[in-house]
Amino acid sequence: VLIDQLLQLEEQLSVDLPSSPAAAQAAFTDRMTAEMGAKINNAHQDIVEAWSLGISKTPAVVVAGKYVVYGDPDVERALLKIRQHREAQP
């Protein structure tokens, strides 16, 4: 789940829009395809999922909806930390 995906999509939609409101609306309408709409919908769902998992800050890696590693954007390194923690548990 990429929490910042929605922000990135919004930036894609608004980059270099004309200053004229009518021209900006036309450009936005051209950019807002069904595919972009689906991406935005998925990005919203990802945010809801993160909130439901209790994610309080980013970056965060969640495994099995149970283990969370905060502060490390490297997924492989975070998975290693989770694996080491699980193996250390009795």
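The values are calculated or read from the model by the stated rules, or taken from the named source; none is laboratory data. Computed from a predicted structure; not experimentally measured. Neighbour counts are summed over all protein chains in view; Cβ atoms, including those assigned to glycine, are modelled from backbone coordinates with ideal geometry. In case anyone asks, the SASA skips ligands and DNA or RNA and just uses the protein heavy atoms, side chains included. Shrake-Rupley method; radii C 1.70, N 1.55, O 1.52, S 1.80 Å.
Order the peptides 12-25, 32-45 from the highest to the lowest mean number of other Cβ atoms within 10 Å of their residues.
Details: 12-25: 10.6, 32-45: 12.3.
Averaged packing, sorted descending, gives the order 32-45, 12-25.
Taking only the alpha carbons of the chain, we obtain Rg and Dmax values of 18.4, 65 Å in that order.
Report the net charge of residues surrounding TYR67, where surrounding means a beta-carbon distance below 14 angstrom and charges are Lys +1, Arg +1, Asp -1, Glu -1. Don't skip to the end; give the middle numbers.
On the way: positive: LYS66, ARG77, LYS81, ARG83, ARG86; negative: ASP72, GLU87.
Local net charge: +3.
The apolar share of the surface of the chain, taken as the fraction of accessible area on carbon and sulfur atoms (1.4 Å probe, ligands and nucleic acids excluded), comes to 55 percent. Here's the picture: charge each Lys and Arg Cβ at +1 and each Asp and Glu Cβ at -1 in the chain, and of GLY71, PRO90, GLN5 the one pushed furthest to the positive end of that dipole is PRO90.
Neighbours of VAL1 by Cβ distance under 13 Å: Lys/Arg scored +1, Asp/Glu scored -1, total -3.
With a Förster radius of 22 Å, plug the Cβ-Cβ distance of GLN89 and ASP46 into 1/(1 + (r/R0)^6) and report the FRET value to the nearest 0.05.
Numbers: r = 29 Å, r/R0 = 1.32.
Given R0 = 22 Å and the Cβ-Cβ separation, E is 0.15.
Globularity index of region 5-45 is 1.19 (Cα radius of gyration / 2.2 N^0.38 Å, N = number of residues).
A 1.4 Å probe run over the chain, with the rest of the protein chains in place, finds 73 Å² accessible per residue.
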